[in-house]
Amino acid sequence: MTDTSTSTPASDTAPTARRLLIVGPPGAGKGTQAARLAEGLGIPAISTGDIFRANVSQSTELGVLAKSYMDKGEYVPDSVTNDMVRDRLAQDDAREGFLLDGYPRTLAQVEALDGMLAELGTALDRVLLLEADDDTVVERLIARGQESGRSDDTEETIRHRLHVYAEQTTPLVEVYEGRGVLRRVDGMASIDEVSAALTAALQG
Ligand code: AMP
């Protein structure tokens, strides 16, 4: 076992951020990168899209409702989404850190999340913006739709999701930039390069 008693005192090095959000357009690679990053840090990756899809495949009441929005490329109503995230963040495994993927996605959700985290006595310490251009993400998502059969990965729905992202989610960038927690990472590089850049963006 390593003797940590002589290691650098925590006050000398900035701690790695552990309350995280990854944001970016559909197809930027958030899910892939979130899973890698969360595993490396030993924190849960919390993807609202994944939670909705799990509910859709189990045909729960929540799933039936969510599907009607997801298939059109629309956002599921905040009232439903916020409650779902509040429950998830209250679970034990999220106490020491978490990586949110795909939530918050609207300014109203930012406000709701701020409230939830304040109740838990904490706040986001880093927001990672994964940047990718529209043509690349459309190409990637069409390929993903053909491979996985994800019902919202058709060209028409993809274009609509990008439009909804631009309209409803890009305003979040300014908010988190204003709070000094935003870091931009180029999502067009290779998977390993993006992972390395994301990890670096958690320091300092
Ligand atoms: P994603 O897997 O993050 O691309 O999400 C897939 C779909 O799930 C989205 O197009 C929305 O319909 C829905 N969804 C996921 N996260 C949210 C959210 N935070 N707010 C509203 N809808 C969401």
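The values are calculated or read from the model by the stated rules, or taken from the named source; none is laboratory data. Only a predicted model underlies this, so the values are computations on that prediction, with no experimental measurement involved. Here the Cβ positions follow ideal geometry from the backbone for every residue, glycine too, while neighbour counts run over all protein chains shown. Surface areas here come from the heavy atoms of the whole protein model, side chains and all, with no ligands, DNA or RNA. Shrake-Rupley method; radii C 1.70, N 1.55, O 1.52, S 1.80 Å.
The figures follow:
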item: Qualifying residue in segment 105-123 (condition: over 16 Å from Y75 (Cβ atoms), within 16 Å of the ligand (Cβ to nearest atom), open to solvent by 10 Å² or more (accessible area, probe 1.4 Å) and in contact (Cβ under 8 Å) with a residue 60 or more places away in the chain); result: no
item: Residue list for segment 62-87, filter: basic (K, R) and surrounded by 19 or more Cβ atoms within 10 Å (Cβ to Cβ); result: K67
item: Hey, R95 buried (at least 18 other Cβ atoms within 10 Å of the Cβ) and either over 18 Å from the mean Cα position of the chain (by Cα) or of a type in the set (K, R) (or both) or not; result: no
item: Residue within segment 131-138 that is hydrophobic (A, V, I, L, M, F, W, C), surrounded by 14 or more Cβ atoms within 10 Å (Cβ to Cβ), outside any helix (DSSP H, G or I) and in contact with a strand residue (DSSP E or B) (Cβ under 7 Å, 6 or more places away or on another chain) present; result: no
item: Filter result for the condition that a residue is of a type outside the set (D, E, K, R), within 30 Å of D92 (Cα to Cα) and touching a Leu at 6+ places or on another chain (Cβ under 9 Å), over A123, A118, A196; result: A123
item: Verdict on L107 being more than 23 Å from G63 (Cβ to Cβ) and at pLDDT below 95; result: no
item: Which numbered condition E96 misses (of (1) at pLDDT below 95; (2) in contact with a helix residue (DSSP H, G or I) (Cβ under 6 Å, 6 or more places away or on another chain); (3) away from the ligand (no atom under 13 Å from the Cβ)); result: (2)
item: Residue, nearest to V110 (Cα to Cα), within segment 157-180, restricted to residues that are of a type in the set (V, I, T) and more than 12 Å from the ligand (Cβ to nearest atom); result: V175
item: Any pair with Cβ under 8 angstrom, 6 or more apart, that starts in segment 169-196 at a residue that is in a loop (DSSP other than H, G, I, E, B) and ends at one that is open to solvent by less than 50 Å² (accessible area, probe 1.4 Å) and among the β-branched types (V, I, T); result: V181/V127; G187/V194; M188/T136
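Yes/no per residue for (1) under 18 Å from A34 (Cα atoms); (2) surrounded by fewer than 18 Cβ atoms within 10 Å (Cβ to Cβ); (3) in contact with a strand residue (DSSP E or B) (Cβ under 6 Å, 6 or more places away or on another chain):
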{"site": "T154", "(1), (2), (3)": "no, yes, no"}
{"site": "I158", "(1), (2), (3)": "no, no, no"}
{"site": "V175", "(1), (2), (3)": "no, yes, no"}
{"site": "R179", "(1), (2), (3)": "no, yes, no"}
{"site": "I191", "(1), (2), (3)": "yes, yes, no"}
{"site": "S195", "(1), (2), (3)": "yes, no, no"}
{"site": "Q203", "(1), (2), (3)": "yes, yes, no"}
